[in-house]
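Visitor: Could you have a look at this structure, given as structure tokens, before my questions?
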Amino acid sequence: MTKEIPARGTCDPKYQWHLTDIFADSAAFEAAFGRAKETVKALEAFQGRAAERPLDAITLSFSLSRQISLLYSYAMMNLDQDSGNAAAQALLARVSALAVEAQSAGAFLEPELLTLPAETLRAMAEAPEYRDYRVFLTELLRRQPHTLPAPEEKLLASAGEVLRAPGEVFDMFDDLDIPFPDVMFEDGEKGPLSHANYGPLIRSRDRSVRQGAFEAMMGTFGKFASTVTAMYSGNLKGDIFLMKARRFSSCREMSLYQNQIPEAVYDSLIKAVSDAIPAMNRALRIRKECLGLDTLHMWDLYAPIIADFDRRMDYAEAYDTVLAALKPLGEEYLSLLRRARDEGWVDVFPNRGKRSGAYSNSAYGVHPYVLLNHVNNLESCSTLAHELGHALHTWYTEKNQPFPTADYSLFVAEVASTTNEVLLTRYLLDKFAEDPKATAFLCNQFIESFRTTVFRQTMFAEFEWQAHVLAEKGEPVTKESLTKLYLGLNKKYYGAVCEVDEPIGWEWMRIPHFYRSFYVYVYATGYCAAVAIADRILREGEEAVAGYKRFLSAGSSVPPIEALRFAGVDMNDPATVASALRVFSDTVERLRKALQE
Ligand SMILES: [Zn+2]
């Protein structure tokens, strides 16, 4: 089956991105590299004088970031298109070294600016010559109460390596040392379990294979419960140390503060998702029926229940499908999508040495880029819609924002991409409305992604919040207390329909994201925001599209919660998440009907 993957040089350039739009040739790259090196020197010369000439120092610092980001984008994409290319490896190594130099050269800027009186900084933020730096300055002021004097900041920075240790220990354990037992595969043969084969095994149509994989995976972590608890508890202690040092009242407040997210958003999410658990239970009952089971176990949650609707489509058809699905976003949006296709923004097909997966990347002042590894199926079409969502978010932001506010917050990073995916699903559901098989497939796919993105990640969010509260109160964080907490949450989410098997209580130990505290909730909020936005666009048309484009154009010029308000969604209000969950609930109903036909 496996076809030989072609070398990059033998592929049709029509389907390759144009990195020459960034630097026409190596001479242009070298010239830019030389200029950036000069800028590093010029910035260094400001050390000790930033408070005397703040405008010049800030301008130079952003100019350097901009130069470095372009060099870095170019070098990274150049390597990603063919990782075997030794010259490309060397280029990226040079740019990375320059980026480190640049970072240490500019480290003095913020502490020196903070020696200025707050009134001075506030006046600067209002002054016209600082217009592009208003957000930078107001952020500096906002963070000031939680910023320590320079020597203490230095001490905290040097503690960073120690604070990261629990996560690094976990990664080593999880990636390398954990000894998985042999399990039964679908062909009846035994072989070692791994992270890589757990996914296919837990999705097996053979129930004993799923159960075997589940019990082996959870059981192995269970055996190391004391060790993993020590790692995670070290992570909690690190968060508490920083929380106290930076004068926050809780670890959650500290984490959300960085992205300017009110804690009410986190609470709203948990409330709305908890209220919608009955809708998820309806989906689980359908699952139980389709599988023909008396009891639904935790190892049955990922088994396929719908026959594959394997729609083959080549790249041209996939692109046309995306164009048709995104038509509600208006002619301007479509014309940009066509430009992306025709003007070398996208690197389409796999070739030898190309980075796997897909991403979108920015090159400020040029145009966004998209890396794909397209194969001719529906999943690749969906990936295309997703990545083009990122790319056009970047395009609108960069078109409308100066460099200092041309990035967008992590909180909204997946909103535009998911909005496109949802619009694609809704388009396909319309297109195949008369075909119950296709409808069932599409509904089920949407339900599954909702369940694993919104319900599951919100359950994770509840877990890490409660674990932090336990630690903050000084209560014992033990393998028993954490496992009891996690088991309880599983009972809350799945207990009405599922047999919540005891070993699921150990699952928290295998979630690497828990070492990046208070991060997973963003998956759930982003997904809900996107579903709500897509729904509004389809119902309200032009006016909703205008608001959505304002959101896409906002960058970091306003806090992310405000940017989302432009698109008509208020994440402070549980009603927003609830409205997305209604779409979920409707889809469950639609699946039930399609299965009856
Ligand atoms: Zn994405």
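Visitor: With a 10 Å radius around each residue's Cβ, average the other Cβ atoms per peptide and rank 465-475, 543-553, highest first.
Guide: Descending mean neighbour count gives 543-553, 465-475.
Visitor: Once a ≥ b ≥ c are taken as the square roots of the eigenvalues of the Cα gyration tensor of the stretch 229-383, is the result rounded (a/c under 1.5), prolate (a/b larger than b/c) or oblate (a/b not larger than b/c)? Let's see the in-between values first.
Guide: Details: a/c = 2.02, a/b = 1.23, b/c = 1.64.
In terms of gyration-tensor shape, oblate.
Visitor: Once fully extended, how much extra length lies between residue 320 and residue 586, figured as 0.36 nm per residue of separation less the alpha-carbon to alpha-carbon distance? Please list the in-between numbers first.
Guide: On the way: separation 266, 0.36 × 266 = 95.76 nm, distance 2.76 nm.
Between residue 320 and residue 586, full extension yields an extra 93.0 nm.
Visitor: Per-residue ellipticity at 222 nm for the chain, helices alone: DSSP H runs ≥ 4 residues times -39500 (n - 2.57), over residue total, nearest 500 deg cm²/dmol?
Guide: Values: 25 runs with 367 residues, N = 597.
Per the formula, -20000 deg cm²/dmol.
Visitor: Between the stretch 555-597 and the stretch 129-173, what's the alpha-carbon centroid distance in Å?
Guide: 33 Å
Visitor: Which value does Rg/Rh take for the stretch 366-437 over its C-alpha atoms, Rh per Kirkwood? Don't skip to the answer; put the middle values down first.
Guide: Details: Rg = 14.9 Å, Rh = 13.7 Å.
Rg divided by Rh gives 1.09.
Visitor: Report, please, the projected area of the stretch 3-127 averaged over directions, based on the convex hull of its C-alpha atoms, in nm².
Guide: Numbers: hull surface 41.7 nm².
Directional mean of the projected Cα hull area for the stretch 3-127 stands at 10.4 nm².
Visitor: Only Cα pairs under 8 Å and at least 6 apart count here; give the relative contact order of the stretch 385-529 as a rounded whole percent.
Guide: Details: 108 pairs, mean separation 42.7, N = 145.
This gives 29 percent for the stretch 385-529.
Visitor: Continuing with the same structure: Note down the magnitude of the dipole of the stretch 340-394 about its Cα centre, charges +1 on Lys and Arg C-beta and -1 on Asp and Glu C-beta and zero elsewhere, to the nearest 20 debye.
Guide: On the way: 4 positive and 5 negative charges, 44 e Å.
Around 200 debye, computed over the stretch 340-394.
Visitor: Top to bottom by accessible area (1.4 Å), largest first, where do 46, 185 land? Intermediate values should be presented prior to the final figure.
Guide: Details: 46 15, 185 55 Å².
Putting 46, 185 in descending order of accessible area: 185, 46.
Visitor: Related question: Please report, as a whole percent, how much of the solvent-accessible surface of the chain comes from carbon and sulfur atoms (probe radius 1.4 Å).
Guide: On the way: 14210 of 26930 Å².
Reported share for carbon and sulfur atoms: 53 percent.
Visitor: Right, something else. How big is the equivalent ellipsoid of the chain along its three axes, where each semi-axis is √(5λ) from the Cα gyration tensor, reported in whole Å from largest to smallest?
Guide: Rounded to whole Å, the semi-axes are 40, 32, 26.
Visitor: For the stretch 562-574, take each phi angle, set θ = phi - 60°, evaluate the Karplus expression 6.51 cos²θ - 1.76 cosθ + 1.60, and give the result in whole Hz per residue in order, putting x for glycine and proline.
Guide: 5, 4, 5, 5, 4, 7, x, 10, 10, 6, 6, 9, x
Visitor: Tell me which aspartates and glutamates have Cα within less than 13 Å of residue 288's Cα, excluding those fewer than 8 residues away on the same chain?
Guide: 300, 499
Visitor: Highest mean first, what order results for 449-460, 483-494 on Cβ atoms within 10 Å? All intermediate terms of the calculation are to be shown ahead of the outcome.
Guide: On the way: 449-460: 21.2, 483-494: 18.3.
Ranking, from highest mean packing down: 449-460, 483-494.
Visitor: Also, quick follow-up: Beyond 29 Å between alpha-carbons counts as too far, so tell me which of 190/223; 437/549; 244/399; 37/244; 154/223; 37/549 fall in that bin. Please list the in-between numbers first.
Guide: Values: 190/223 21 Å; 437/549 35 Å; 244/399 41 Å; 37/244 39 Å; 154/223 40 Å; 37/549 37 Å.
In this structure, 437/549; 244/399; 37/244; 154/223; 37/549 lie more than 29 Å apart at Cα.
Visitor: Are there trypsin sites (Lys or Arg not before Pro) in the stretch 35-139 that DSSP marks as loop and that have at most 15 other Cβ atoms within 10 Å, and which are they?
Guide: Those satisfying the criteria are 49.
Visitor: Let me ask something else. Spelling out what I want: for every residue of the stretch 290-302, take phi, set θ = phi - 60°, compute 6.51 cos²θ - 1.76 cosθ + 1.60 (Karplus), and round to whole Hz; glycine and proline get x.
Guide: These are the phi-based 3J(HN,Hα) values: 4, 7, x, 10, 7, 10, 8, 9, 4, 7, 9, 6, 10 Hz.
Visitor: Counting pairwise Cα distances across the stretch 301-424, what percent come out greater than 24 angstrom?
Guide: Numbers: 2206 of 7626 pairs.
Result for the distance tail: 29 percent.
Visitor: Let me ask you something else. Along the charge dipole of the stretch 510-597, pointing to its positive end and built from +1/-1 on Cβ of Lys, Arg, Asp and Glu, which listed residue (511, 525, 567) has its Cα farthest out?
Guide: Checked the options; the winner is 511.
Visitor: How many angstrom lie between the Cα centre of the stretch 246-290 and the Cα centre of the stretch 304-364?
Guide: What the calculation gives is 31 Å, centre to centre.
Visitor: While we're looking at this one, here's another question. Once both axes come from the Cα atoms, what is the angle between helix 86-105 and the longest principal axis of the chain, in degrees from 0 to 90, rounded to 10?
Guide: Taking the Cα atoms of the chain, the angle to 86-105 is about 60 degrees.
Visitor: Give me the 1.4 Å probe accessible area per residue for the chain, excluding ligands and nucleic acids, in Å². Mind dumping the intermediate values first?
Guide: Values: 26930 Å² over 597 residues.
Spelled out: the 1.4 Å probe surface of the chain, per residue, equals 45 Å².
Visitor: Go through 557-563, 144-150, 350-356 and give me the packing order, highest mean Cβ count within 10 Å leading.
Guide: Details: 557-563: 19.7, 144-150: 13.0, 350-356: 16.0.
The most tightly packed comes first, giving 557-563, 350-356, 144-150.
Visitor: I've got another one for you. Subtracting the Cα-Cα distance from 0.36 nm times the residue separation, let me have the gained length for residue 263 to residue 150 in nm, one decimal. Let's see the in-between values first.
Guide: Details: separation 113, 0.36 × 113 = 40.68 nm, distance 2.88 nm.
Net length gain for the segment: 37.8 nm.
Visitor: Using C-alpha positions alone, give me the convex hull volume of the stretch 484-597 per residue in cubic angstrom.
Guide: Numbers: hull volume 17.6 nm³, N = 114.
So the per-residue Cα hull volume is 155 Å³.
The values are calculated or read from the model by the stated rules, or taken from the named source; none is laboratory data. Keep in mind that this is a model prediction, so the values were computed, not measured. So basically every Cβ, Gly included, is an ideal-geometry build from the backbone, and we count neighbours across all protein chains shown. Calculation scope for accessible area: heavy atoms of the full protein, side chains included, ligands and nucleic acids excluded. Shrake-Rupley method; radii C 1.70, N 1.55, O 1.52, S 1.80 Å.
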